[in-house]
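Q: Before I ask anything, here is the structure I am working with.
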Amino acid sequence: MTLSFLIYKIILVVVVFAVTLVVAMYSTYAERKVAAFLQDRIGPNRAGPFGILQPLADGIKMFMKEEVIPGASNKALFIIGPSLVLLTACMTGVVIPWGSPLIIDGTVYPLQITDVNIGILYLFGVISLGVYGIMIGGWASNNKYSLLGAIRASSQMISYEVAMGLSIIALVMTTGTLSLSQIAEQQHGWHWNVLVQPLGFFIFIICAFAETNRAPFDLPECETELVGGYHTEYSSMKLGFFLFAEYINMFISSAVIATFYFGGYNMPFIERFVQDPNWLAILGVVFLFMKIVFFIFVFMWVRWTLPRFRYDQLMNLGWKILIPLSLLNIVITGAVMMREEIFQLLFK
Amino acid sequence: MITTYLFYFLSFLAIMFALMVVFSKNPVHSVLYLVLTFFTIAGHYVLLNAQFLAAVHIIVYAGAIMVLFLFVIMLLNLNKETEPHKSVWLKASAAVASGLLLVVLVGSLKSAETIVATNAFDPNIGLIENLGKVLFSEFLLPFEVSSVLLLVAMVGAVMLGKRSIK
């Protein structure tokens with residue numbers, strides 16, 4: 001652990017953090033543009049050319065608005081709630097491999113903040129903590145709609161975590177590792193996991209929609225039933241934190257989906273054109289971000305296309321369809337992996 | 001050296017948060033302090049190089065079980081008015097009983113022999129590969145039996161949750 005290594009890590013942390021925030025900021029702009037495109041409108045076009053400064057204007061508006069803390073609320077928890085939501089959203093970017101390692105003067109600089117050997121479990125732990133911010137915020141508001149929204153959010157997130165975990169178990173069975181950098185490395189060329197685990201990918205992406213509280217699973221903040229859901233009582237930047245965390249979660253989920261199932265920073269046939277490993281690493285980052293942008297678009301596309309589920313339908317989908325399907329996926333994966341042993345047992 | 005300091009720091013936090021669980025008036029605060037206590041215990045696991053155990057501890061206890069606790073307590077909306085009033089006699093007897101329990105615990109700890117580890121400590125035992133190998137070879141039967149135990153508990157909960165049994 002030399003000093004230069006430490007400085008490199010600190011720079012990497014700051015860069016990842018800044019990029020996460022900027023991407024999330026421009027996702028809000030992209031969301032409005034995509035919505036406008038899908039509804040045959042123009043969308044924001046006043047602030048700057050093509051409305052490119054709109055996120056900045058929104059941010060300034062959020063900061064300048066009056067801050068209201070309800071008199072009957074639990075003040076400390078009311079403030080801790082949105083802070084926790086944003087904190088857990090920012091914590092997940094740590095284990096994602098953004099590119100293959102850079103080699104400068106014989107020193108290897110991995111483009112990943114930390115390669116813990118239980119990366120998937122870390123990711124899962126942080127996701128499971130994300131629900132606390134919403135629950136605390138919803139309860140501390142001392143409002144029936146907020147509480148109902150918080151309870152909906154937590155039960156939905158817990159239910160879909162089960163199916164998500166089971167779909168990842170099938171992935172771990174084929175990859176044989178819990179480290180995200182090794183999973184990304186294994187998918188070199190055309191060996192993308194989505195070809196091995198198509199069912200697992202579908203379950204994972206549905207659960208990712210539910211975990212980020214995005215439509216068609218945005219029941220915790222369903223306007224027609226719950227006013228604003230868990231953030232009914234929030235105003236100013238505290239509301240902004242809740243809304244912003246959703247976009248950060250969307251970015252991170254897209255990065256995780258790309259890393260788990262779509263090759264991460266790998267792109268087939270690229271070695272034929274570029275040989276230098278450093279250029280490959282930089283191009284890998286570009287490819288990963290292309291995949292991420294595509295998945296963010298899918299998130300928005302689905303939101304502006306599908307209607308919202310009813311709450312009982314949501315629970316039925318989670319417990320009665322996705323969990324049995326993911327269990328089936330595990331059984332099939334195991335059977336295919338042990339096919340030779342099974343054949344020997346049956347026919348010899 | 002730094003692990004020793006970390007150990008004392010985490011232990012101090014763990015004990016402090018555990019006391020806050022008992023002493024805080026608001027049940028929601030108690031649950032949140034309990035979550036923090038679990039975090040410090042997970043930190044102890046990391047110090048022992050048992051990363052898998054630490055991660056699973058966070059996922060299962062902090063991420064699932066405590067969320068359900070919080071869920072129930074928020075729905076019940078416990079506060080001062082709904083708290084049952086206990087008589088002085090009940091409080092006194094509780095103090096005496098728990099004091100006796102403390103005496104028993106201290107006495108048994110005092111007469112206990114120091115345990116000597118028979119196997120040499122392997123710092124890699126907590127890593128997920130080694131843990132998996134041990135669980136699925138040496139401790140296969142207890143591992144599988146505990147899964148049956150969880151299944152029984154789940155079936156029992158479903159049975160109790162049903163309104164009428166046909």
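Q: Can you run down the residue pairs with Cβ atoms below 6 Å, 6 or more apart or on separate chains, where the first is in the stretch A:315-343 and at pLDDT 90 or above and the partner is of a type in the set (S, T, N, Q) and surrounded by 14 or more Cβ atoms within 10 Å (Cβ to Cβ)?
A: Between residues of the stretch A:315-343 that are at pLDDT 90 or above and residues that are of a type in the set (S, T, N, Q) and surrounded by 14 or more Cβ atoms within 10 Å (Cβ to Cβ), the close pairs are A:Ser326/A:Ser167.
This table checks each residue for (1) away from every other protein chain (no Cβ under 14 Å); (2) farther than 27 Å from A:Ile134 by Cβ; (3) out of contact with any helix residue (DSSP H, G or I) (no Cβ under 7 Å at 6 or more places or on another chain); (4) free of Cβ contacts under 8 Å to residues at least 40 places away in the same chain.
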site	(1), (2), (3), (4)
B:Ala62	no, no, no, yes
B:Leu68	no, no, yes, yes
B:Val88	yes, yes, yes, yes
B:Ser108	yes, yes, yes, yes
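Q: If you check A:Met157 against the conditions, is it within 14 Å of chain B (Cβ to nearest Cβ), in contact (Cβ under 8 Å) with a residue 24 or more places away in the chain, in contact with a Cys (Cβ under 7 Å, 6 or more places away or on another chain) and more than 20 Å from A:Pro70 (Cα to Cα)?
A: Considered against the rule, which asks whether it is within 14 Å of chain B (Cβ to nearest Cβ), in contact (Cβ under 8 Å) with a residue 24 or more places away in the chain, in contact with a Cys (Cβ under 7 Å, 6 or more places away or on another chain) and more than 20 Å from A:Pro70 (Cα to Cα), A:Met157 comes out as no.
Q: Tell me which residues, restricted to the stretch A:166-180, are assigned to a helix (DSSP H, G or I) and out of contact with any Cys (no Cβ under 9 Å at 6 or more places or on another chain).
A: A:Leu166, A:Ile168, A:Ile169, A:Ala170, A:Leu171, A:Val172, A:Met173, A:Thr174, A:Thr175, A:Leu180
Q: Is it fair to say A:Leu180 is closer than 17 Å to A:Ala255 by Cα, away from chain B (no Cβ under 14 Å), touching a residue at least 60 places away in the same chain (Cβ under 8 Å) and under 21 Å from the mean Cα position of the chain (by Cα)?
A: no
Q: Next question, about the same structure. When you look at B:Leu34, is it buried (at least 16 other Cβ atoms within 10 Å of the Cβ), free of Cβ contacts under 8 Å to residues at least 60 places away in the same chain and not basic (Lys, Arg), yes or no?
A: In short, yes.
Q: Here's another thing I want to ask about it. Exactly one condition in (1) within 7 Å of chain B (Cβ to nearest Cβ); (2) at pLDDT below 85 is not met by A:Ser146; state its number.
A: Answer for A:Ser146: the failing condition is (1).
Q: Here is a further query. Taking the criterion of being assigned to a helix (DSSP H, G or I), farther than 21 Å from A:Glu161 by Cβ and within 14 Å of chain B (Cβ to nearest Cβ), would at least one residue in the stretch A:61-75 satisfy it?
A: So in the stretch A:61-75, the residues assigned to a helix (DSSP H, G or I) come out as A:61-64, A:75.
If we keep only those that are farther than 21 Å from A:Glu161 by Cβ as well, we get A:61-64, A:75.
After this cut, where a residue has to be within 14 Å of chain B (Cβ to nearest Cβ) as well, the list is A:75.
Yes - at least one qualifying residue is present in the stretch A:61-75.
Q: State whether the residues of the stretch A:93-108 include one that is part of a helix (DSSP H, G or I) and more than 14 Å from chain B (Cβ to nearest Cβ).
A: Checked against the condition, which is being part of a helix (DSSP H, G or I) and more than 14 Å from chain B (Cβ to nearest Cβ), the stretch A:93-108 yields at least one hit.
Q: Can you pull out the residues in the stretch A:261-284 that are crowded, with 18+ Cβ neighbours inside 10 Å, over 17 Å from the mean Cα position of the chain (by Cα) and in contact (Cβ under 8 Å) with a residue 40 or more places away in the chain?
A: A:Asn266, A:Leu280, A:Ala281, A:Gly284
Q: Right, here's the next one. Determine whether A:Leu129 is among the aliphatic types (A, V, I, L, M) and closer than 15 Å to A:Val85 by Cα. It would help to see each step written out before you state the result.
A: Details: among the aliphatic types (A, V, I, L, M): yes; closer than 15 Å to A:Val85 by Cα: yes.
Here the answer is yes, as A:Leu129 does meet what is asked.
Q: Now for a different question. Do you know which residues across the stretch A:23-69 are over 25 Å from the mean Cα position of the chain (by Cα) and among the aromatic types (Phe, Trp, Tyr)?
A: A:Phe50, A:Phe63 - these are the residues of the stretch A:23-69 that are over 25 Å from the mean Cα position of the chain (by Cα) and among the aromatic types (Phe, Trp, Tyr).
Q: Here are the criteria: (1) surrounded by 11 or more Cβ atoms within 10 Å (Cβ to Cβ); (2) at pLDDT below 85. Tell me which single one B:Tyr61 does not satisfy.
A: The number of the failed condition is (2).
Q: Give the number of residues within the stretch B:14-56 that are away from chain A (no Cβ under 14 Å), at pLDDT 85 or above and within 21 Å of A:Gly125 (Cα to Cα). Give the derivation first.
A: If we filter the stretch B:14-56 for residues that are away from chain A (no Cβ under 14 Å), which is where we start, we get B:14-19, B:21-23, B:37, B:40, B:44, B:47-48.
When the remaining residues are screened for being at pLDDT 85 or above, the result is B:14-19, B:21-23, B:37, B:40, B:44, B:47.
Subset that is within 21 Å of A:Gly125 (Cα to Cα): B:14, B:17, B:37, B:40, B:44, B:47.
Residues flagged as away from chain A (no Cβ under 14 Å), at pLDDT 85 or above and within 21 Å of A:Gly125 (Cα to Cα) within the stretch B:14-56 amount to 6.
Q: For the stretch B:19-28, name all the residues that are surrounded by 12 or more Cβ atoms within 10 Å (Cβ to Cβ) and closer than 23 Å to B:Leu76 by Cβ.
A: Those that are surrounded by 12 or more Cβ atoms within 10 Å (Cβ to Cβ) and closer than 23 Å to B:Leu76 by Cβ: B:Met20, B:Val21, B:Ser24, B:Asn26, B:Pro27, B:Val28.
Q: Can you find a residue that is among the small types (Gly, Ala, Ser) and either more than 22 Å from A:Phe124 (Cα to Cα) or part of a loop (DSSP other than H, G, I, E, B) (or both) anywhere in the stretch A:329-340?
A: Yes, some residue in the stretch A:329-340 is among the small types (Gly, Ala, Ser) and either more than 22 Å from A:Phe124 (Cα to Cα) or part of a loop (DSSP other than H, G, I, E, B) (or both).
Q: Name the single residue that is surrounded by the most Cβ atoms within 10 Å (Cβ to Cβ) among those in the stretch A:117-128 being of a type in the set (A, V, I, L, M, F, W, C) and more than 7 Å from every other protein chain (Cβ to nearest Cβ).
A: A:Ile127
Q: Select the helices (runs of 4 or more DSSP H) contained entirely in the stretch A:198-301, then report the ones holding at least 1 residues which are aromatic (Phe, Trp, Tyr).
A: A:198-211, A:236-261
Q: Please verify whether A:Phe201 is under 16 Å from A:Tyr132 (Cα atoms) and either touching a residue at least 24 places away in the same chain (Cβ under 8 Å) or among the acidic types (Asp, Glu) (or both), treating the condition exactly as stated. Lay out the reasoning, then the answer.
A: Working: under 16 Å from A:Tyr132 (Cα atoms): no; either touching a residue at least 24 places away in the same chain (Cβ under 8 Å) or among the acidic types (Asp, Glu) (or both): yes.
No, not satisfied.
Q: Any residue at all in the stretch A:34-49 that is at pLDDT 85 or above, buried (at least 18 other Cβ atoms within 10 Å of the Cβ) and out of contact with any Cys (no Cβ under 6 Å at 6 or more places or on another chain)?
A: So far as the stretch A:34-49 goes, yes, one or more of its residues are at pLDDT 85 or above, buried (at least 18 other Cβ atoms within 10 Å of the Cβ) and out of contact with any Cys (no Cβ under 6 Å at 6 or more places or on another chain).
Q: For the stretch A:93-110, how many residues are loosely packed, with under 13 Cβ neighbours inside 10 Å and under 29 Å from the mean Cα position of the chain (by Cα)?
A: Taking the stretch A:93-110 first, the residues loosely packed, with under 13 Cβ neighbours inside 10 Å are A:104-108.
Subsequent filtering for residues that are under 29 Å from the mean Cα position of the chain (by Cα) retains A:108.
The number of residues fulfilling the criteria is 1.
The values are calculated or read from the model by the stated rules, or taken from the named source; none is laboratory data. Note that this is a predicted model, so its numbers are computed, not measured. We place every Cβ from the backbone using ideal geometry, glycine too, and count neighbours over all the protein chains shown.
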